[in-house]
């Protein structure tokens, strides 16, 4: 095995890094195909570092001072003396976490352990970027004024960024497949997109957290317009007033629901975005004509006025 | 002589919108990353299996 097989893995999404190092020598770090285009050679710039130690069997997590957020499912966030404790659990491994990482208050440095035989470690092979660990860490770091993760399909078309927002079943993967057939088009992700400010203007970034279409790309594009997906019998673009736009974007975003500052940041960020780019409802049929409808509205504007009473 | 301050163009100002409540529908499991995303996403079952497989590690799935 080559000596560099034991190097740390550095994930880079939307210009933000996450480096994972094994706490012991002889552990090889690997990742799935979706994350590979997002791997960087070295940690640089705004990069968090997590050191993971192998654990022979699950054990109770460190005593925390306060429960901050319990999803009631896989992950929990607790407050400790020094920062935050993120734990991941599954009924398969009993009540104790299969992964526990204690972070500083800025989520810049983390130290933790993961169970051998669990999702992240099998013998001397470690899979650090298994859902939802990396996504939760990015979510927490984005909430510190860096950007917002949204439930969306992101398109780069002839250098322009188009965001198609939607919860499960709204048609993100279907739309991604339709857009992928167009020339000069890159689908940045069919499920998760990061929005960050780039010189005061919103920019969208691809992520490895793909949806059913399995499309991801580490590219990015300046955001031109946002569309909230809504399947309908015919294609139609409807303008939304900024207040309704922010509400609709918030329910399709992943803000840090556990901290007031994180929520405030997300609302303010999306409110500013709604002032800068048009946010529209896209009623569409899952056919190529839906793509043409979006392209036509990009330059000509929304053909129809807002409906009375915007609601999801 | 100091230059006159420019007046904002009245036509450029947005019309006043009275405050109003908007009811939106939130999908809690999706909002907090509590569900495994897809059958093809590597999840808590590990690299060799998918999180929506059998046995299921998560009680929910969504994308």
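Since every read-out is calculated from the coordinates, none of them should be taken as a lab result. Since we're looking at a predicted model, the values are computed, not measured. Every residue, glycine among them, receives a Cβ derived from its backbone with ideal geometry; neighbour counts consider all protein chains shown.
Numerical summary
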| quantity | calculated |
| --- | --- |
| Kirkwood-based shape ratio for region A:146-277, expressed as Rg/Rh from alpha carbons | 0.94 |
| Using alpha-carbon coordinates, inclination of helix A:288-300 to the longest axis of chain A, degrees | 70 |
| Prolate/oblate/rounded label for region A:202-312 (Cα gyration tensor, a/c 1.5) | oblate |
| Region A:148-300: antiparallel DSSP beta bridges as a percent of all, rounded to 5 | 70 |
| Rounded FRET efficiency, nearest 0.05, which uses the C-beta distance separating residue A:296 from residue A:264 and R0 of 51 Å | 0.90 |
| Taking A:21, A:62, A:172 and counting other C-beta atoms within 10 Å, the order from fewest to most | A:62, A:21, A:172 |
| Projected area averaged over orientations for chain A, convex hull of C-alpha atoms, nm² | 17.0 |
| Cα gyration tensor category, rounded, prolate or oblate, for region A:1-129 with a/c compared to 1.5 | oblate |
| Rounded to 5, the percent of DSSP beta bridges in chain A classed as antiparallel | 70 |
| Two-decimal Rg/Rh across region A:153-201, once Rg and the Kirkwood Rh are taken from alpha-carbon atoms | 0.99 |
| Antiparallel DSSP beta bridges within region A:1-76, percent to nearest 5 | 55 |
| Residues A:212, A:275 arranged by fewest to most Cβ contacts within 10 Å | A:275, A:212 |
| Chain A - mean residue ellipticity at 222 nm from DSSP helices (-39,500 (n - 2.57) per run, n ≥ 4, rounded to 500) | -5500 deg cm²/dmol |
